[in-house]
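Beneath this line is the structure, given in structure tokens, with notes to follow.
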Amino acid sequence: MQLPREVVVGNNTLSMIGDICKRLGFSKSAFIVTGPHTRNVAGKLVDDLLDDAGINVEHIIVSSSTLWDVKAVEEKIQEIKPQVLLGIGGGTKIDVAKLSSAHQNIPFMSVPTTASHDGIAGPLVSLKGLSKPYSEMAHSPIAIVADTNVIAKASHRLTASGCGDVLAKFTAVRDWKLAHEVKNEYYGEYAASLALMSAKLVMKNAKVISSGEENGIRMLLEALISCGVAMSIAGSSRPCSGSEHLFYHALDLIAPNLALHGEQCGVGTIMMAHLYGMRWQRIKETLEKVGAPTTAQELGVKPDHIIEALVQASTIRPDRYTILERQKLTYDSAEKLAKTTGVID
Ligand SMILES: [Zn+2]
């Protein structure tokens, strides 16, 4: 079980980054992975703060997040041999940092500038060009430093998407339990409870999260971080990723780059919750409350894309048993499901 040693969430926590690095024994050198935009949002500031703390710091700007970017970062790691790698940005920059540091066997720190999904805290990476169309294990961050002041300034769409990724745990945990019952798969009650608690807290606090105020952002960040820890405890993405994530992967293959990860997972959760006979309306209402999409139109995809993705979802990852295995969807039953839940007209 790999867990972060320091998790620092709050207002102006970036100012503590030099101390945090030193406390973890990284007093000599650090290497920052950031994007062109996130460099201005936080990357440059962290660079200066580490420099002030007497830490030798270099940075690389990656404008995309492909395996080529991972390779470029790895080459730089081999060249400058830093003690720690910092991933500063939204999900993708952190994924590039996570995977390259895992390959090069050096610790990495996660410094998210958005609260858009649980990859900011967990051990998995999801990058285009990996051999599989779903997330792979890399390693957990040694520390997470999330500055609510910075994250509150990000687009609300990203925050709403983060809520979708947390609400997904309602069905992910059910799928995990089902796989345990039917396939005798390992099921960890502690990890499952932790993921479920995060989803319940986001549901309960939807209003304050939607306000964009700092305490709402903090609540969502804590939920996302707990989800990341749940995956670290489980040693897999099981507590956080079930049939609703399979629907996301399928939809993202059929209609690429139209909607965010958490947005698609949120819509998937509504439909998978219906398959389980859960109170799917509550999930839908929560998504509406936080301003996340609940329909094909709001996702920016065609109704046919939704139906196709529902049918394809179970083929994405044959080793992952979910409700979609027990209740195979045809085009007709998928259309009916999407219509009943109001995802399509
Ligand atoms: Zn996710």
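The values are calculated or read from the model by the stated rules, or taken from the named source; none is laboratory data. Remember, it's a predicted structure, so these values are computed and weren't measured experimentally. All Cβ positions, glycine included, derive from the backbone under ideal geometry; neighbour counts span all protein chains shown.
Name the single residue, out of those in the stretch 70-89 being of a type outside the set (A, V, I, L, M, F, W, C) and crowded, with 24+ Cβ neighbours inside 10 Å, that is nearest to Asp51 (Cα to Cα).
Restricting to residues being of a type outside the set (A, V, I, L, M, F, W, C) and crowded, with 24+ Cβ neighbours inside 10 Å, the top hit is Gly87.
I'm told Thr171 meets every condition in (1) more than 14 Å from the ligand (Cβ to nearest atom); (2) surrounded by 24 or more Cβ atoms within 10 Å (Cβ to Cβ) except one. Can you identify the failing condition by its number?
(1)
Which one of these is in contact with a helix residue (DSSP H, G or I) (Cβ under 8 Å, 6 or more places away or on another chain), among the aliphatic types (A, V, I, L, M) and within 16 Å of the ligand (Cβ to nearest atom): Val166, Val182, Val145?
Checking each option against the conditions leaves just Val166.
Which ones in the stretch 22-36 are out of contact with any Ser or Thr (no Cβ under 7 Å at 6 or more places or on another chain) and either on the phi < 0 side of the Ramachandran plot or in a strand (DSSP E or B) (or both)?
Within the stretch 22-36, Lys22, Arg23, Leu24, Phe26, Ser27, Lys28, Ser29, Ala30, Phe31, Ile32, Val33, Thr34 meet the criteria.
Please verify whether the stretch 156-170 includes one or more residues that are under 18 Å from Leu275 (Cβ atoms) and of a type in the set (Lys, Arg).
So far as the stretch 156-170 goes, yes, one or more of its residues are under 18 Å from Leu275 (Cβ atoms) and of a type in the set (Lys, Arg).
Can you tell me which of (1) under 18 Å from Ile307 (Cα atoms); (2) buried (at least 17 other Cβ atoms within 10 Å of the Cβ); (3) away from the ligand (no atom under 11 Å from the Cβ) is the one Glu244 doesn't meet?
Tallying (1) under 18 Å from Ile307 (Cα atoms); (2) buried (at least 17 other Cβ atoms within 10 Å of the Cβ); (3) away from the ligand (no atom under 11 Å from the Cβ), Glu244 fails exactly one: (3).
Which residues, counting only those in the stretch 74-133, are over 13 Å from the mean Cα position of the chain (by Cα), within 16 Å of the ligand (Cβ to nearest atom) and part of a loop (DSSP other than H, G, I, E, B)?
Those that are over 13 Å from the mean Cα position of the chain (by Cα), within 16 Å of the ligand (Cβ to nearest atom) and part of a loop (DSSP other than H, G, I, E, B): Leu130, Lys132, Pro133.
Which numbered condition trips up Pro112, out of (1) at pLDDT below 95; (2) closer than 24 Å to His37 by Cα?
(1)
Of all residues in the stretch 208-236, which are within 11 Å of the ligand (Cβ to nearest atom) and closer than 24 Å to Lys284 by Cβ?
Selection gives Leu224, Cys227.
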